[in-house]
Amino acid sequence: MSPSPRSPAQQRTALCTASAQVRITALADAGSAEFFPPAGASPHVGRFGIAARDDDGIAIARVRLHGEPMLVAAQDEHYLAGSVGEMHGKALHAMLEAARRERAAGIVLLAASGGVRLHEANAAELALARALTALLDARAQGVPVMVIGVASVFGGTSVLASAADRLALLPGTRIGLSGPRVLESVHGKWELDADDARDVDAVFGASARNASGVAELVADDADAVRAWIARAAREHYDFAASVAEMHARLAVRVGAATSHAPPFDLLPCFEGAAPVDNQGRLWRRAECWLTRPNHDAALGPADAHALSGALLAHVATDGLRAPVVLVEDSAGHAVSRAAEMQFMSQFLAHHAAVLALLRARGTRLVGLLAGVGHSAAFFANALQAPQLYALPQARVVAMEPQALARITGLPVHALVVDDPLLGQSVRHFAAQGGVTAVIEEASLEAMGLG
């Protein structure tokens, strides 16, 4: 049966000014949108004087698009900048899991988000990490995933968006990992002037991203976006081949840049192990593979690409399917204009895709939080493992205390010690269900690998 004719209003809808539900309805075949129940109100934002909303800033629906069954999620940038809170992230995760089970013809995310909601740091980061896992597992099982930035997309949501098969932006939108204000606060206006729209657009703007080849540009017109989605779904191809192609594209972008592997103290799990790549990012012992931590150092594009390359070259070709221990300890991702110009989000998303490829091939992934699990570098790496072990002194950092204070308006220095949501001690993250077990020693036996 051919779909019902779409109304002229649907055809002319400009997505950038529409509400989340209208955006979905505008893209769907006439009368086909069946909305999910609301995500549920956040139980956490009230203490900050913020009114919770039943939908927590996201709308989700099953639709028909040119007659094909798809699932569509639309974020609402007008509620807390579209930030991903716990309920928002769980709803997104549930939608992605449903699409995978149903073998939908496509998954569409209309992205409009500032990233992890820092008022709900631990719970929100965990929810977004699980959504990223579900998105990549859906891709690995052959479900096409398309993301359109209908407003600006920053923080962890930019990594989620970059993990799709295809990424497009509407004119005038922006995308990046560390936003303009973050770059300016860390480095000053000489690095990037957050008040200069031309300077900001030169790094993050849709036209600049399109010119550098990291995203497609689509007109802000419902029919144009529908056509792009349909074409992207038709052109979808094998997950493993797409991962290999992305790795090659990122290699060109990295060019001659070298990665930096700082020295680290060997943990008990490294006993008897030896590095297998020139930069020592991947180690091998008889029982398993281990990735080295990036202690006290930020992970830049070349670093992420080098680790992904080592996993593809050695682990993906390992017929024995030995487990991989992802040892987590870093200062987070690189925060710089240079890293954003290279689109750091895509390097982290690609690394998560490499891990998804290993999962799909039956390789067991085990995370070990040995030091600091910092923001997007953490949730694109060790948090992609089905099991995460942690040492007692480990910490989880969604954002530094100064930034949390600016956003929440609270004196957070005490909160980062004792607060269940903002506290950095791993015990708080474990209480949210993010840790399989806190172990006293980083041995293979403690992680069930000995």
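The values are calculated or read from the model by the stated rules, or taken from the named source; none is laboratory data. Since we're looking at a predicted model, the values are computed, not measured. Methodologically, a virtual Cβ is constructed for each residue, glycine included, from the backbone with ideal geometry; neighbour enumeration extends over all protein chains shown. Quick note on the areas: whole protein, heavy atoms, side chains included, nothing else; ligands and nucleic acids left out. Shrake-Rupley method; radii C 1.70, N 1.55, O 1.52, S 1.80 Å.
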Residues of region 269-297 being over 18 Å from HIS314 (Cβ atoms) and open to solvent by 40 Å² or more (accessible area, probe 1.4 Å), in sequence order, are GLU271, HIS295, ASP296
Among the residues of region 54-71, are any farther than 26 Å from ARG226 by Cα, open to solvent by 50 Å² or more (accessible area, probe 1.4 Å) and free of Cβ contacts under 8 Å to residues at least 60 places away in the same chain? yes
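How many residues, within region 266-289, are in a loop (DSSP other than H, G, I, E, B) and in contact (Cβ under 8 Å) with a residue 12 or more places away in the chain? Let's see the steps before the verdict.
Looking only at region 266-289, we keep the residues that are in a loop (DSSP other than H, G, I, E, B), and these are 266-267, 271-273, 276-281, 286-287.
Narrowing further to those that are in contact (Cβ under 8 Å) with a residue 12 or more places away in the chain: 267, 271-273, 276-277, 279-281, 286-287.
Of the residues in that region, 11 qualify.
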Quick count over region 72-86, residues being open to solvent by 20 Å² or more (accessible area, probe 1.4 Å) and in a strand (DSSP E or B), is 0
Anything in region 399-442 that is touching a strand residue (DSSP E or B) at 6+ places or on another chain (Cβ under 8 Å), among the polar types (S, T, N, Q) and open to solvent by less than 40 Å² (accessible area, probe 1.4 Å)? List them, or say none. GLN424, SER425
Could you run through region 409-426 and say how many residues are assigned to a helix (DSSP H, G or I), out of contact with any Leu (no Cβ under 7 Å at 6 or more places or on another chain) and not acidic (Asp, Glu)? 3
So ALA121 passes all but one of these: (1) at pLDDT below 95; (2) open to solvent by 20 Å² or more (accessible area, probe 1.4 Å). Which condition number does it fail? (2)
For MET344, are the conditions met, namely being under 18 Å from the mean Cα position of the chain (by Cα) and either acidic (Asp, Glu) or at pLDDT 95 or above (or both)? yes
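Please state which one of ASP238, ASP303, ASP265, ASP329 is open to solvent by 30 Å² or more (accessible area, probe 1.4 Å) and closer than 25 Å to VAL396 by Cβ. It would help to see each step written out before you state the result.
Details: ASP238 fails: closer than 25 Å to VAL396 by Cβ; ASP303 fails: open to solvent by 30 Å² or more (accessible area, probe 1.4 Å); ASP329 fails: open to solvent by 30 Å² or more (accessible area, probe 1.4 Å).
One residue alone meets the criteria, ASP265.
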Can you tell me which residues in region 180-208 are of a type in the set (Gly, Ala, Ser) and either part of a helix (DSSP H, G or I) or at pLDDT below 95 (or both)? SER185, ALA197, ALA202, ALA206, SER207, ALA208
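Taking region 209-221 as the region of interest, how many residues are assigned to a helix (DSSP H, G or I), open to solvent by 20 Å² or more (accessible area, probe 1.4 Å) and touching a residue at least 40 places away in the same chain (Cβ under 8 Å)? Steps first, please.
Of the residues in region 209-221, the ones assigned to a helix (DSSP H, G or I) are 209-211.
Subset that is open to solvent by 20 Å² or more (accessible area, probe 1.4 Å): 210-211.
Next, only the ones that are touching a residue at least 40 places away in the same chain (Cβ under 8 Å) stay: 210.
Residues that pass the stated criteria total 1.
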Checking ALA230, ALA224 in turn, the sole residue that is modelled with pLDDT of 95 or more, small (Gly, Ala, Ser) and buried (at least 18 other Cβ atoms within 10 Å of the Cβ) turns out to be ALA230
Could you tell me whether GLN387 is of a type outside the set (A, V, I, L, M, F, W, C), at pLDDT 95 or above and touching a strand residue (DSSP E or B) at 6+ places or on another chain (Cβ under 6 Å)? yes
